1. Report yes if some residue within the range 162-172 is modelled with pLDDT of 95 or more, assigned to a loop (DSSP other than H, G, I, E, B) and more than 21 Å from H51 (Cα to Cα); otherwise report no.
2. Within the range 166-199, how many residues turn out to be free of Cβ contacts under 8 Å to residues at least 40 places away in the same chain and hydrophobic (A, V, I, L, M, F, W, C)?
3. What are the residues in the range 201-223 that are in contact (Cβ under 8 Å) with a residue 60 or more places away in the chain and out of contact with any Lys or Arg (no Cβ under 7 Å at 6 or more places or on another chain), if any?
4. Of all residues in the range 127-144 being part of a loop (DSSP other than H, G, I, E, B) and charged (D, E, K, R), which is nearest to G100 (Cα to Cα)?
5. Would you mind telling me which numbered condition in (1) farther than 17 Å from G46 by Cα; (2) in contact with a Gly (Cβ under 9 Å, 6 or more places away or on another chain) A305 fails?
6. Considering every residue within the range 341-348, establish whether at least one is in a loop (DSSP other than H, G, I, E, B), among the basic types (K, R) and at positive phi.
7. Could you tell me whether any residue of the range 87-110 is of a type in the set (K, R) and touching an Asp or Glu at 6+ places or on another chain (Cβ under 6 Å)?
8. Starting from the range 305-334, take each residue that is of a type in the set (V, I, T) and list its partners that are in a loop (DSSP other than H, G, I, E, B) and at pLDDT below 95, counting only C-beta distances under 6 angstrom and pairs at least six apart or across chains.
Amino acid sequence: MKFSDCNIFIDGSFCYGDLETEAGRFSALKIRYQAEVMGRDYIIPGLIDIHTHGSMGYDFSDGRPEAMESVADYYASHGITGFCPTTMTLPYEVLEKAFGVVRDFAMSHKAAEESGAASSGVTSRVLGINMEGPYFSVKKKGAQNEAYLKAPDFESFRKLYEGCGGMISLVDVAPELEGAGDFAQKASVLCAVSAAHTDADYDQGKAFFEAGADHLTHLFNAMPPVHHREPGVIGAASEKSNVYAELICDGHHIHPGAVRMGFELFKDRICLISDSLRCAGMPDGEYELGGQPVFLKGGVARLAAGNLAGSSTNLFDCMKNAISFGIPAETAIAAATINPARSIRADKEVGSIEAGKRADFIVCDSSLNIREVYIGGRKH
């Protein structure tokens, strides 16, 4: 398949030229100008959401096989071609079931894609699992269920990891908990390790990142703010050149000024995320998250106590929001594509338009509105 006379997002900027795909991968690129040409379509890599709990009435923690296809289809329709199903703080047996459902879906999807089945390759692809909890601070639990919080336990984590065939790409931990450093050192060999739902100070955060952690979950949310005498875990993370930071740009979790601040602090290490709940794509009403009621009103999801519980948006809209907040389009696109791919160690396969990589991409108009979505070189 060939796409001619387009503005193609390559290496952080738009170039004018042609793009070809073959056998589900990018096969050739012909660059005519190292600049964009007005009045032509724009082609960007498929978006990658590494932190999403669900959508369309489904939550990955439920462990329901029928949810996967519906949710994957919703993501694909919004330009999210790869995602990490994200679980909550729940008992290990519940997580084990949920991980098994994700594993089975991913394996089935891969088998169908490799066999060339007509229905394969046209829904969003699972890139790994994000295990958000149960290793969190009570003080910063946010919307996590306190009843199931635990201290970091590598052996229990390893059993979950092996049980789902090594599909966990990201595990979240509060750095100040006893054993967090040892956990990070061991788990970082298997996947990315993130500081999350934490009350850690600067020294605790620094020690955690030096032990092997390389990620910060939903920057500014569920962690101490930056203070000039107490820079906290945010200050510690910003100093480590290998630490990626997630950012929710739904327009509710973070002020636009803080969004711009986050990009200034972390530069090309920001990963835009949706942190979407089962209420994404659904009307206002009452929903559920980790055994707790969630109320969606006016597009904002809150627990009964009033605190934010996650978002009801999708990553594509978050990317557009970031641009509207003053982030350059090229920077926002990278933060929704190659940055998250790198953060979960998937960038050799996805996240950018390069010969040999999976042909996951979006054809947009000049305002970056979606025209068409392609996954594995096939139109959704």
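1. If we filter the range 162-172 for residues that are modelled with pLDDT of 95 or more, which is where we start, we get 162-172.
Pick out the ones that are also assigned to a loop (DSSP other than H, G, I, E, B) and you get 164-167.
After this cut, where a residue has to be more than 21 Å from H51 (Cα to Cα) as well, the list is none.
Within the range 162-172 (the criterion being modelled with pLDDT of 95 or more, assigned to a loop (DSSP other than H, G, I, E, B) and more than 21 Å from H51 (Cα to Cα)), the answer is no, since none of the residues qualifies.
2. Selection size over the range 166-199: 6.
3. Of the range 201-223, the ones in contact (Cβ under 8 Å) with a residue 60 or more places away in the chain are 214-215, 217-218, 221-223.
Across the range 201-223, the qualifying residues are D214, H215, T217, H218, N221.
4. K141
5. Of everything listed in (1) farther than 17 Å from G46 by Cα; (2) in contact with a Gly (Cβ under 9 Å, 6 or more places away or on another chain), A305 misses just condition (2).
6. Yes, the range 341-348 contains a residue that is in a loop (DSSP other than H, G, I, E, B), among the basic types (K, R) and at positive phi.
7. Step one: list which residues in the range 87-110 are of a type in the set (K, R), which gives 97, 103, 110.
Within this subset, residues satisfying the condition of being touching an Asp or Glu at 6+ places or on another chain (Cβ under 6 Å) are none.
For the range 87-110, residues of a type in the set (K, R) and touching an Asp or Glu at 6+ places or on another chain (Cβ under 6 Å): absent.
8. Every condition considered, the pairs that remain are T313/D250.
The values are calculated or read from the model by the stated rules, or taken from the named source; none is laboratory data. Computed from a predicted structure; not experimentally measured. No Cβ is skipped: glycine too gets one built from the backbone with ideal geometry, and neighbour counts run over all protein chains shown.
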